[in-house]
1. So Gly297 clears everything in (1) at positive phi; (2) assigned to a helix (DSSP H, G or I) except one condition, right? Which one?
2. Considering only residues that are buried (at least 18 other Cβ atoms within 10 Å of the Cβ) and within 16 Å of the ligand (Cβ to nearest atom), which ones fall in region 338-352?
3. For a quick check of your reading of the model, give me the residue pairs whose first member lies in region 170-191 and is on the phi < 0 side of the Ramachandran plot and part of a loop (DSSP other than H, G, I, E, B), whose second is at pLDDT below 95 and within 7 Å of the ligand (Cβ to nearest atom), with beta-carbon atoms closer than 9 Å and at least 6 apart or on different chains.
4. Count, please, the residues in region 45-58 that happen to be surrounded by fewer than 16 Cβ atoms within 10 Å (Cβ to Cβ) and either part of a helix (DSSP H, G or I) or free of Cβ contacts under 8 Å to residues at least 40 places away in the same chain (or both).
5. Test Arg334 against the criterion of being more than 21 Å from Gly185 (Cα to Cα), assigned to a helix (DSSP H, G or I) and at pLDDT 95 or above, and give yes or no.
6. Among the listed residues Asp237, Asp282, which satisfies the condition of being touching a residue at least 40 places away in the same chain (Cβ under 8 Å), charged (D, E, K, R) and in a loop (DSSP other than H, G, I, E, B)?
7. Could you please let me know if Arg220 is assigned by TED's automatic domain parsing to the domain that holds Ser199, modelled with pLDDT of 95 or more, of a type in the set (Lys, Arg) and in contact with a Ser or Thr (Cβ under 8 Å, 6 or more places away or on another chain)?
8. If you check Arg220, Arg195, Arg267, Arg241, which single one turns out to be buried (at least 18 other Cβ atoms within 10 Å of the Cβ) and among the charged types (D, E, K, R)?
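The values are calculated or read from the model by the stated rules, or taken from the named source; none is laboratory data. Note that the structure is predicted; figures quoted are calculated from it, not measured. We place every Cβ from the backbone using ideal geometry, glycine too, and count neighbours over all the protein chains shown.
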Amino acid sequence: MDVLAGLGFEIDRDQSMPVFEQVCSGIRERIVSGRLSAGTRLPPTRGFATEVGVSRSTIVTAYEQLVAEGYLTSRQGSGYTVCDLGGVELPTSRPTPAAKPGRPPRSLPVRAFQAGRPDMRLFPHRQWAKTVARICRTAPERMLTGATVAGNPDLCRAIADHVAEWRGIEAEPAQVLITAGASDGLELCLRTLTRPGDSVGLESPGYPPLEHLLQVHGARMTEMPVDEEGAGVPASDKECRLAILTPSHQFPLGGAMSANRRMEFIRWAHAQDGWVIEDDYDSEFRYAGRPIPAMAGVDRLDRTIYVGSFSKIFSNALRLGYLIVPRPLVEPFREVMGMSGIKASLMPQQALAEFMQGGDFFRHLRRVRRIYADRRRFLLSHLSGRLAPFGWFEDHHAGMQVVFHLSCGLSDREVEARCAARGVAVQPLSAYARAGAESDLNGLVLGFCAHDEEEMAPALEVLAEVLETNPGNDLA
Ligand SMILES: Cc1ncc(COP(=O)(O)O)c(C=O)c1O
């Protein structure tokens, strides 16, 4: 059996392809082209790693990937060996396209102000790894079994405790249903509570994907324009029995719904024999004062369904959230979850439950809130400083983004295009208007969580220059 000393390999660190992929594709290509024949033993991982100047774990991962793809076999004690690919017809390997000479690689716009996005780099990897390792050691079965259609019972209990303490909602764990994020929770509400042709109240402006979700379910939209007190209550004679709201922090404008308007909605839901869906997507992020109690708490979960998510606290890659539903709705929701298939991944649920019960969750929450508060202060100091002549903002001391309303004669779409031409992405407020709604929205939705001050600074410089060079203003 041949044992290779090396593979004549070089890693190109300037390439966009990750190093691990380069190793895989180099070996794959040598096997497919016949340069590495069946039975050849690959160089030992440690030596090969030193030869190409990468970590040993990168080589092990690449070898294992090729084992999974059927190019290599591995046997204890004899390393990794090239498989006999037999008469299998192999796809012709495509060479990596060479960069066109003379043209610099196109970089994506800097997304320093992504709205509603947490900083994924702050994920508490070490504490999470400890929790998962402990479960794997002591009770691995809890990651795979023991859940009902509503999810892991320990997580339901941890969430019930969390919302009691933070949101003033008194619910039994049985009223908690684990979902694959807030979007899954909102979709479950539509599946359970609407029939084709029904009308659903949506805030205007509001979270754009909801319109599409309504279309998918054959529901119609009743527009609920947002004023200083929050979204307006649909007229009672309308065929609308369901309203989706963001009362703690209106998306995207910010601001909490007045107590008066909340009561109006609760009365409306009673009168219509309908429901209010409270999307509390980022309520953990308040930077001053006490948390505003959830509507579901005030209503004692009578006519309000509460939608929560871990996407903002942790990462939307976790894809976990929850619904808290009034008691009479528990069975109908469970039935629909059973029929339509559970989307929430079960595996991380036990870890999340223990993370919450053991206090790591709240430590993480306190830490990111402190960091986001600093980033928010930094952004607001620019908006009220150099950018002040071009617009205004309201400080709601909450959330993950702030709206900068433009007053400089440029439309938000023009500012978006001019910033994009200079490599910076900004989100125009007018993109959040409901289809067909009359709208005078003109502003920028500026997220301040996903990037730190150093990353935001050059993007703010570009934004300031774009606004300052507008021929229509006095500063040009
Ligand atoms: C207002 C609002 N609701 C719901 C969601 C969906 O959240 P998730 O990632 O948990 O599905 C978002 C995401 O940005 C949002 O901004």
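1. Of everything listed in (1) at positive phi; (2) assigned to a helix (DSSP H, G or I), Gly297 misses just condition (1).
2. Within region 338-352, Ile342, Ala344, Pro348, Gln349, Leu352 meet the criteria.
3. Close Cβ pairs satisfying both conditions: none exist.
4. So the first thing to find is which residues in region 45-58 are surrounded by fewer than 16 Cβ atoms within 10 Å (Cβ to Cβ), and the list is 46-47, 50, 53, 55-57.
Filter once more, so that each one left must be either part of a helix (DSSP H, G or I) or free of Cβ contacts under 8 Å to residues at least 40 places away in the same chain (or both): 46-47, 50, 55-57.
Counting residues in region 45-58 that are surrounded by fewer than 16 Cβ atoms within 10 Å (Cβ to Cβ) and either part of a helix (DSSP H, G or I) or free of Cβ contacts under 8 Å to residues at least 40 places away in the same chain (or both) gives 6.
5. No, not satisfied.
6. Asp282
7. On the way: assigned by TED's automatic domain parsing to the domain that holds Ser199: yes; modelled with pLDDT of 95 or more: yes; of a type in the set (Lys, Arg): yes; in contact with a Ser or Thr (Cβ under 8 Å, 6 or more places away or on another chain): yes.
Spelling it out, Arg220 is indeed assigned by TED's automatic domain parsing to the domain that holds Ser199, modelled with pLDDT of 95 or more, of a type in the set (Lys, Arg) and in contact with a Ser or Thr (Cβ under 8 Å, 6 or more places away or on another chain).
8. After ruling out the rest, the residue left standing is Arg241.
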